[in-house]
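Before any comments, here is the structure.
The values are calculated or read from the model by the stated rules, or taken from the named source; none is laboratory data. On a predicted model such as this, the values are computed, not experimentally measured, just so you know. Methodologically, a virtual Cβ is constructed for each residue, glycine included, from the backbone with ideal geometry; neighbour enumeration extends over all protein chains shown. Ligands, DNA and RNA are stripped out before the accessible areas are found, and what is left, the full protein with its side chains, is counted by its heavy atoms. Shrake-Rupley method; radii C 1.70, N 1.55, O 1.52, S 1.80 Å.
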Amino acid sequence: MRVIAGSAKSMPLKTVPGLDTRPTTDRIKETLFNMLQNQIPGCRFLDLFSGSGAIGIEALSRGAEEAVFVEKARAAAGCIRDNLEFTKLKDRAVVMECDCTAAVERLGNQQRIFDCIFMDPPYRTDAERPVLAAVKRCGIADENTYIIIEAALHSDFSWAEEMGYRIDRVKKYKTNEHIFMHLRRE
């Protein structure tokens, strides 16, 4: 796994040993960032369920002003810190080693609005639902915030509309998909 483009282009990234994380492949990461290329420069990026930090690091490498990484597994959080140090991007990054819902609540208390929120929760656990509820409740996103969820192929997100989100696009890959959404104006 490597950084695809930007200031840290081609730099290899560490991954967490074992099967507890599921790194996004370079090919899918490249497709995702090609779709987001106009939103990344200068943005505030939130990477939830960060794993090795590859998505947030890609955002920083491509010009995000800041990235916050949230990962509760100690080994994975350590991997993120190592990758940030190696890519020389740590000065624009914050790593929060805690549960994603708790992190969203803490960030809401700081009155921080993010331009882009990416989450890659464990597949088929419904972990994104309480996090999206917290995102809406805590005010870390507005109707301009791009929210992207990586999920197993054919995941049901029909409940998101009832929660106040608008699904704009679904990009399907061989085994997974990205769901692009925004908060609806109230």
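A few notes on this one:
- Within the option set 95, 104, being part of a helix (DSSP H, G or I), open to solvent by less than 40 Å² (accessible area, probe 1.4 Å) and aliphatic (A, V, I, L, M) holds for one residue only, 104.
- Hits in the stretch 152-165 - residues which are more than 18 Å from residue 25 (Cβ to Cβ) and part of a strand (DSSP E or B): 165
- Scanning the stretch 93-141 for residues that are in contact (Cβ under 8 Å) with a residue 12 or more places away in the chain and of a type in the set (D, E, K, R) gives 97, 99, 105, 112, 115, 120, 124, 128, 129, 136, 137.
- Among the conditions (1) closer than 30 Å to residue 10 by Cβ; (2) of a type outside the set (Gly, Ala, Ser); (3) not in a helix (DSSP H, G or I), residue 168 misses just one, which is (1).
- Residues that are modelled with pLDDT of 95 or more and among the polar types (S, T, N, Q) occur at least once in the stretch 55-66.
- The set of residues in the stretch 128-143 being under 14 Å from residue 46 (Cβ atoms) and either assigned to a loop (DSSP other than H, G, I, E, B) or polar (S, T, N, Q) (or both) consists of 139, 140, 141, 142.
- Residues satisfying the stated conditions in the stretch 50-69, i.e. touching a Phe, Trp or Tyr at 6+ places or on another chain (Cβ under 7 Å) and either crowded, with 24+ Cβ neighbours inside 10 Å or in a helix (DSSP H, G or I) (or both): 50, 53, 55, 56, 58, 59, 64, 67
- Being open to solvent by 40 Å² or more (accessible area, probe 1.4 Å), free of Cβ contacts under 8 Å to residues at least 40 places away in the same chain and either hydroxyl-bearing (Ser, Thr, Tyr) or touching a Pro at 6+ places or on another chain (Cβ under 8 Å) (or both) is a description that does not apply to residue 145.
- Residue check, residue 170 within 23 Å of residue 31 (Cα to Cα) and not small (Gly, Ala, Ser): yes
- Extreme residue, farthest from residue 146 (Cα to Cα), among residues of the stretch 23-49 that are open to solvent by 10 Å² or more (accessible area, probe 1.4 Å) and touching a strand residue (DSSP E or B) at 6+ places or on another chain (Cβ under 9 Å): 26
- Residue match in the stretch 116-128 (condition: modelled with pLDDT of 95 or more, aromatic (Phe, Trp, Tyr) and open to solvent by 10 Å² or more (accessible area, probe 1.4 Å)): no
- Filter pass, residue 86 being in a strand (DSSP E or B) and hydrophobic (A, V, I, L, M, F, W, C): no
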